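Working notes, beginning with the structure itself.
The values are calculated or read from the model by the stated rules, or taken from the named source; none is laboratory data. All of these numbers come straight from a predicted model, not from anything done at the bench. With ideal geometry, Cβ positions are generated from the backbone for all residues, glycine too; neighbour counts draw on all protein chains shown.
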Amino acid sequence: MPVLRERLDAAIPFIEKHDSAKVVVSGGQGEDESASEGSVMKAHLVAHGIASSRIEVEDTSMRTEENLANSKAKFELGKTVIVTSDYHLYRALMLAGRQNIDATGLPAKTQMGALFKGVPREILSISYALGF
(Lines give C-alpha, C1' and ligand atoms only; values in the text may rest on other atoms or scores of the structure.)
Protein backbone atom coordinates (compact mmCIF):
# COMPACT_ATOMS: atom_id res chain seq x y z
CA MET A 1 0.00 0.00 0.00
CA PRO A 2 2.44 2.69 -1.14
CA VAL A 3 -0.17 5.49 -1.16
CA LEU A 4 -1.24 4.62 2.38
CA ARG A 5 2.40 4.60 3.50
CA GLU A 6 2.92 8.03 1.90
CA ARG A 7 0.00 9.39 3.89
CA LEU A 8 1.26 7.91 7.14
CA ASP A 9 4.81 9.09 6.56
CA ALA A 10 3.46 12.61 6.02
CA ALA A 11 1.47 12.36 9.26
CA ILE A 12 4.28 11.15 11.53
CA PRO A 13 6.20 14.46 11.83
CA PHE A 14 2.94 16.30 12.51
CA ILE A 15 1.92 13.76 15.16
CA GLU A 16 5.35 13.94 16.80
CA LYS A 17 5.22 17.75 16.87
CA HIS A 18 1.71 17.80 18.36
CA ASP A 19 2.16 15.33 21.20
CA SER A 20 -1.19 16.06 22.83
CA ALA A 21 -3.19 15.47 19.65
CA LYS A 22 -5.40 12.42 19.40
CA VAL A 23 -4.80 10.34 16.27
CA VAL A 24 -7.73 8.78 14.42
CA VAL A 25 -7.02 6.31 11.63
CA SER A 26 -9.92 5.25 9.49
CA GLY A 27 -10.52 2.57 6.89
CA GLY A 28 -12.21 -0.77 6.56
CA GLN A 29 -11.14 -4.06 5.07
CA GLY A 30 -11.64 -4.75 1.39
CA GLU A 31 -12.45 -8.22 0.10
CA ASP A 32 -8.89 -8.69 -1.14
CA GLU A 33 -7.22 -7.36 2.00
CA SER A 34 -6.03 -9.38 4.99
CA ALA A 35 -6.60 -6.56 7.50
CA SER A 36 -8.49 -3.29 7.77
CA GLU A 37 -6.75 -0.11 6.65
CA GLY A 38 -7.33 1.30 10.13
CA SER A 39 -5.46 -1.55 11.82
CA VAL A 40 -2.64 -1.43 9.25
CA MET A 41 -2.28 2.32 9.77
CA LYS A 42 -2.16 1.96 13.55
CA ALA A 43 0.50 -0.76 13.30
CA HIS A 44 2.61 1.43 10.99
CA LEU A 45 2.39 4.41 13.32
CA VAL A 46 3.24 2.31 16.39
CA ALA A 47 6.20 0.80 14.51
CA HIS A 48 7.39 4.36 13.93
CA GLY A 49 7.25 5.35 17.58
CA ILE A 50 3.72 6.74 18.01
CA ALA A 51 2.20 5.52 21.28
CA SER A 52 -0.60 3.04 20.71
CA SER A 53 -2.66 4.77 23.41
CA ARG A 54 -2.87 7.93 21.26
CA ILE A 55 -4.37 6.12 18.27
CA GLU A 56 -8.10 5.52 17.81
CA VAL A 57 -9.18 3.14 15.04
CA GLU A 58 -12.31 3.27 12.89
CA ASP A 59 -12.26 0.13 10.78
CA THR A 60 -15.63 -0.24 9.06
CA SER A 61 -15.67 2.47 6.40
CA MET A 62 -15.04 1.82 2.73
CA ARG A 63 -15.22 5.34 1.24
CA THR A 64 -14.01 8.80 2.22
CA GLU A 65 -17.48 9.98 3.16
CA GLU A 66 -17.88 6.95 5.44
CA ASN A 67 -14.40 7.49 6.94
CA LEU A 68 -15.49 10.94 8.03
CA ALA A 69 -19.03 10.06 9.16
CA ASN A 70 -17.98 6.96 11.09
CA SER A 71 -15.05 8.72 12.74
CA LYS A 72 -17.27 11.64 13.73
CA ALA A 73 -19.87 9.28 15.19
CA LYS A 74 -17.33 7.15 17.05
CA PHE A 75 -14.94 9.81 18.37
CA GLU A 76 -15.09 13.40 19.54
CA LEU A 77 -13.11 14.96 16.72
CA GLY A 78 -12.83 18.64 17.59
CA LYS A 79 -10.36 20.53 15.39
CA THR A 80 -9.29 17.95 12.82
CA VAL A 81 -6.30 17.69 10.50
CA ILE A 82 -6.96 15.37 7.58
CA VAL A 83 -3.82 13.76 6.22
CA THR A 84 -4.38 12.34 2.78
CA SER A 85 -2.89 12.26 -0.69
CA ASP A 86 -2.33 15.65 -2.27
CA TYR A 87 -4.73 14.90 -5.13
CA HIS A 88 -7.43 13.73 -2.69
CA LEU A 89 -7.30 16.59 -0.19
CA TYR A 90 -9.78 18.91 -1.92
CA ARG A 91 -12.57 16.32 -1.86
CA ALA A 92 -11.76 15.13 1.66
CA LEU A 93 -12.07 18.68 2.99
CA MET A 94 -15.24 19.29 0.98
CA LEU A 95 -16.85 16.17 2.43
CA ALA A 96 -15.68 17.05 5.95
CA GLY A 97 -17.29 20.47 5.60
CA ARG A 98 -20.58 18.88 4.59
CA GLN A 99 -20.49 16.91 7.83
CA ASN A 100 -19.66 19.98 9.92
CA ILE A 101 -16.20 18.71 10.77
CA ASP A 102 -13.83 21.58 11.52
CA ALA A 103 -10.94 20.39 9.36
CA THR A 104 -7.76 21.53 7.72
CA GLY A 105 -5.58 19.43 5.48
CA LEU A 106 -2.06 18.08 5.39
CA PRO A 107 -1.22 16.76 1.92
CA ALA A 108 0.97 13.73 1.37
CA LYS A 109 3.00 13.92 -1.82
CA THR A 110 1.95 11.19 -4.21
CA GLN A 111 4.45 9.32 -6.36
CA MET A 112 3.94 9.75 -10.10
CA GLY A 113 2.89 6.14 -10.72
CA ALA A 114 -0.01 6.36 -8.28
CA LEU A 115 -1.24 9.59 -9.85
CA PHE A 116 -2.17 7.81 -13.08
CA LYS A 117 -4.73 5.74 -11.20
CA GLY A 118 -5.68 8.18 -8.47
CA VAL A 119 -6.25 11.45 -10.31
CA PRO A 120 -8.78 10.22 -12.91
CA ARG A 121 -10.71 8.41 -10.16
CA GLU A 122 -10.61 11.55 -8.02
CA ILE A 123 -11.94 13.72 -10.85
CA LEU A 124 -14.91 11.39 -11.22
CA SER A 125 -15.44 11.31 -7.46
CA ILE A 126 -15.38 15.10 -7.18
CA SER A 127 -17.86 15.38 -10.05
CA TYR A 128 -20.14 12.91 -8.29
CA ALA A 129 -19.78 14.68 -4.94
CA LEU A 130 -20.58 18.06 -6.46
CA GLY A 131 -23.74 16.62 -7.97
CA PHE A 132 -25.05 15.32 -4.65
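Contact map, segment 92-112: residues that are within 16 Å of residue 71 (Cβ to Cβ) paired with residues that are among the basic types (Lys, Arg) and surrounded by fewer than 15 Cβ atoms within 10 Å (Cβ to Cβ), Cβ distance under 7 Å, separation 6+ or inter-chain. Pairs shown: 102/79.
Can you tell me which residue among 32, 9 is among the acidic types (Asp, Glu) and over 13 Å from the mean Cα position of the chain (by Cα)? After ruling out the rest, the residue left standing is 32. Only one entry in 109, 22, 72 is of a type in the set (Lys, Arg) and closer than 14 Å to residue 4 by Cα, namely 109. Among the residues making up segment 82-91, those that are touching a strand residue (DSSP E or B) at 6+ places or on another chain (Cβ under 8 Å) and free of Cβ contacts under 8 Å to residues at least 40 places away in the same chain are 82, 86, 89. Kindly establish whether residue 11 is crowded, with 20+ Cβ neighbours inside 10 Å, of a type outside the set (Asp, Glu) and at pLDDT 95 or above. Taking the combined requirement at face value, the residue satisfies it.
Go through segment 65-81 and give me each residue that's free of Cβ contacts under 8 Å to residues at least 60 places away in the same chain and closer than 23 Å to residue 13 by Cα. The answer is 67, 68, 71, 75, 76, 77, 78, 79, 80. Checked against (1) surrounded by 14 or more Cβ atoms within 10 Å (Cβ to Cβ); (2) touching a helix residue (DSSP H, G or I) at 6+ places or on another chain (Cβ under 9 Å), residue 36 passes all but a single condition, namely (2).
All but one of (1) touching a strand residue (DSSP E or B) at 6+ places or on another chain (Cβ under 8 Å); (2) small (Gly, Ala, Ser); (3) surrounded by 15 or more Cβ atoms within 10 Å (Cβ to Cβ) hold for residue 69, so report the exception by its number. All conditions are met except number (1).
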